[in-house]
1. Going by C-beta contacts inside 10 Å, put C:K44, B:K123 in order with the fewest on the left.
2. Please list, in order, the residues from the stretch B:14-42 whose amide nitrogen is less than 15 Å from a point placed 7 Å along the Cα→Cβ vector of A:T42.
3. For chain A, what does the relative contact order come out to in percent, with C-alpha contacts under 8 Å and a separation of six or more?
4. Say the dipole of the stretch A:88-140 comes from +1 at the beta carbon of Lys and Arg and -1 at that of Asp and Glu; which of A:C97, A:W132, A:I111 then lies farthest toward its positive end?
5. Report the FRET efficiency, 1/(1 + (r/R0)^6), for A:Q137 and C:E74, where r is their Cβ-Cβ distance and R0 is 35 Å, rounded to 0.05.
6. Taking Cα atoms, how many degrees apart are the long axis of helix A:52-69 and the longest axis of chain A, rounded to 10 and kept between 0 and 90?
7. Explain nothing, just the number: relative contact order of the stretch C:5-78, from Cα pairs under 8 Å at least 6 residues apart, as a whole percent.
8. Would you work out the charge dipole size for the protein assembly as shown about its Cα centre, treating the Cβ of every Lys and Arg as +1 and the Cβ of every Asp and Glu as -1, and quote it to the nearest 20 debye?
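Rule-based calculations on the coordinates, nothing more; no lab input. Given the structure is predicted, the values throughout are model-derived calculations rather than measurements. Note that we place each Cβ from the backbone using ideal geometry, even for glycine, and neighbour counts take in every protein chain shown.
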Amino acid sequence: MRYDVQKEPIDPRELEAAVTYPGAGAICTFSGIVRDSSRGQTVTHLDYEAYAEMAVPQMRKIGQEIKDRWPEARVAMAHRTGHLEIGEVSVVVSVSCPHRAEAFEACRWGIDRLKESVPIWKKEHAADGTYWIEGDQAKPVA
Amino acid sequence: MRYDVQKEPIDPRELEAAVTYPGAGAICTFSGIVRDSSRGQTVTHLDYEAYAEMAVPQMRKIGQEIKDRWPEARVAMAHRTGHLEIGEVSVVVSVSCPHRAEAFEACRWGIDRLKESVPIWKKEHAADGTYWIEGDQAKPVA
Amino acid sequence: MAVAIAVRVRFFARLRELAGAEIEALQVPPGSSLADVYDALRAKHTTLPARESVRAALNQEFADWNATVAGGDEVAFIPPVSGGRG
Amino acid sequence: MAVAIAVRVRFFARLRELAGAEIEALQVPPGSSLADVYDALRAKHTTLPARESVRAALNQEFADWNATVAGGDEVAFIPPVSGGRG
């Protein structure tokens, strides 16, 4: 298990190495990437801000929820903070399991929960201005 | 798009690099790993054998099927052949999409189709003997 | 009136910008709830949004608005996280 | 009898071991189907399994057993692929 909030680029291979064990037959790794567009607008770059002291424990809690549902799963998560360019990896969730069905389900569950409950925020710098992305809403920076 | 059948170790990062594009917000990467057990028996190692001239076109066909269903997806697949030790990566499917729901679905679909239609066979060397794995059946080597 | 208790308040993201502060020390009456703390702050930083669009955390865990704060607690007011389909 | 046509047969995995060959050149009558080719081979390599547990490929694509072969075709007989839940 490994949970990181970090300024440095994320290496998904390190997370996969952290979840590998001899009984693992399947690893599912999700990477979130900075897209070049949002809300129909060109995006130039992003800034991510985290409440790191809370974000890491929240990730740990999600890892525990996964273990409760898929006891053989091993989980690693990392989220980047700071300035990110198009194409950079913002978040990675990697889950290993004996078989692939559980690996896909547990990984999907992990990223969905991370996106709803880990206190990390995205500021989007786009052609039409700068916005805080709050759930489905984009709120212009005053 | 990238489709390989190879004797050399697979680097999942190369496949992810092959599917990245500026509109991709999500990459789902599945890795199949050699497990230390099967059918309740300890596994020592595997051998994979491919009909490579057919396997690569079959992978390409699956990539096209994915594009038909998820037009924004980009796909890469690789399968290893030869002798593999416990913990080694036997197969990787990586799919990028604008959003994560499609990336998970398309990747899952890709590995499921690969496992049923790409002519690559697994010979399992286990505590109780050596077996060809044919679908759900393990057939002892004569 | 009983002696006031001191809590440490943290703001993040859009709330940090609206409050114009990352961290704020605040004195509140004993028995104050997280809602009381937020209302006190909103009286001071009038641009802070209505409580409905905010979640509260107490000592780095999500908490109900009616949870009571104690001296030395870390309180955070959290806008919706980035979420979305990305 | 019309002149025979030559096909190239490839065996893989367990079938390769049972046939004792990876590649075999075979002469069959014109109009032969993939089933005919397999039956001819099975008469020779008696340990080959029944057709029901095998798939046929013609020129590197899965094909029906009743597909007709032509001179120079590559025919392959394919055991079930590894599949499974792994």
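1. Least crowded to most crowded, the residues run C:K44, B:K123.
2. B:22-23
3. Relative contact order for chain A comes out at 34 percent.
4. Looking along the dipole axis, the top candidate is A:C97.
5. On the way: r = 27 Å, r/R0 = 0.77.
So the FRET efficiency works out to roughly 0.85.
6. Approximately 40 degrees, to the nearest ten.
7. So the answer I get is 44 percent.
8. Magnitude of the dipole: close to 240 debye.
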